[in-house]
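What follows is a set of notes on a single structure, which appears directly below.
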Amino acid sequence: MHHASGEILKTRTATYAVILLAAAAALTACDDSTSSDSSKPASSKPSATAEEEPAQKQKDENYKAAGIPPKPTGQKRQQLLDALAKAAPDVVRYEDKAIDAARNQCSSINGGGSKLDWAASQRFSYKDVTTTEAQGKAINDALKTSGFCKV
């Protein structure tokens, strides 16, 4: 029996490591709200734009490697918000937080994380929004069936 408890400890340690990595990914996945292409004026310095493109491409590749889909815009954004609202209506009270949480939850889903329903309940609980584990399961189902997490 002692061997089995050691295995549980190893599993828990691995789970915590995954959660910490996901948290780190969550911190790096938070973009400022000024990154919308439609709100940026045309740059008068072509060299500045040319320098930013490789950096943005690398950033996108890093997110993809971490299993994080790109930030949705327009119709894709609304479809994601609608899917999340069906699963847990309160989570979309703060749309930007819901989008970031969904992107980061995809990292756990795509990475084969354990306790996905619990992780979603934690990720989608913010400010005055509390998400249950059952709602977390519904959110995970919505993210998987919508195809949003495909990178």
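I'd like the full set of residues that are part of a helix (DSSP H, G or I) and either of a type in the set (D, E, K, R) or touching a strand residue (DSSP E or B) at 6+ places or on another chain (Cβ under 7 Å) (or both), limited to region 64-93.
64, 76, 77, 82, 86, 90, 91, 93
Looking only at region 102-118, which residues are in contact (Cβ under 8 Å) with a residue 60 or more places away in the chain and either among the polar types (S, T, N, Q) or within 15 Å of residue 84 (Cβ to Cβ) (or both)?
Passing the criteria: 103, 104, 107, 108, 114.
The rows are residues; the columns are (1) modelled with pLDDT of 95 or more; (2) more than 10 Å from the chain's Cα centre (by Cα).
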{"residue": "79", "(1), (2)": "yes, yes"}
{"residue": "95", "(1), (2)": "yes, yes"}
{"residue": "106", "(1), (2)": "yes, no"}
{"residue": "113", "(1), (2)": "no, yes"}
{"residue": "122", "(1), (2)": "yes, yes"}
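Quick one: how many residues across region 125-141 are open to solvent by less than 50 Å² (accessible area, probe 1.4 Å), in a loop (DSSP other than H, G, I, E, B) and free of Cβ contacts under 8 Å to residues at least 40 places away in the same chain?
Number of matching residues: 1.
For residues that are open to solvent by 10 Å² or more (accessible area, probe 1.4 Å) and either of a type in the set (Phe, Trp, Tyr) or outside any helix (DSSP H, G or I) (or both), tally how many sit in region 103-124.
6
Suppose we filter 100, 96 for residues that are assigned to a helix (DSSP H, G or I) and surrounded by 17 or more Cβ atoms within 10 Å (Cβ to Cβ); which single one remains?
The match here is 100.
Is it true that some residue in region 15-22 is modelled with pLDDT of 50 or more, of a type in the set (Phe, Trp, Tyr) and either on the phi < 0 side of the Ramachandran plot or surrounded by 10 or more Cβ atoms within 10 Å (Cβ to Cβ) (or both)?
No, every residue in region 15-22 fails to be modelled with pLDDT of 50 or more, of a type in the set (Phe, Trp, Tyr) and either on the phi < 0 side of the Ramachandran plot or surrounded by 10 or more Cβ atoms within 10 Å (Cβ to Cβ) (or both).
The values are calculated or read from the model by the stated rules, or taken from the named source; none is laboratory data. Note that this is a predicted model, so its numbers are computed, not measured. Cβ atoms come from the backbone with ideal geometry, glycine included; neighbour counts cover every protein chain shown. For accessibility, only protein heavy atoms count, side chains too; no ligands or nucleic acids. Shrake-Rupley method; radii C 1.70, N 1.55, O 1.52, S 1.80 Å.
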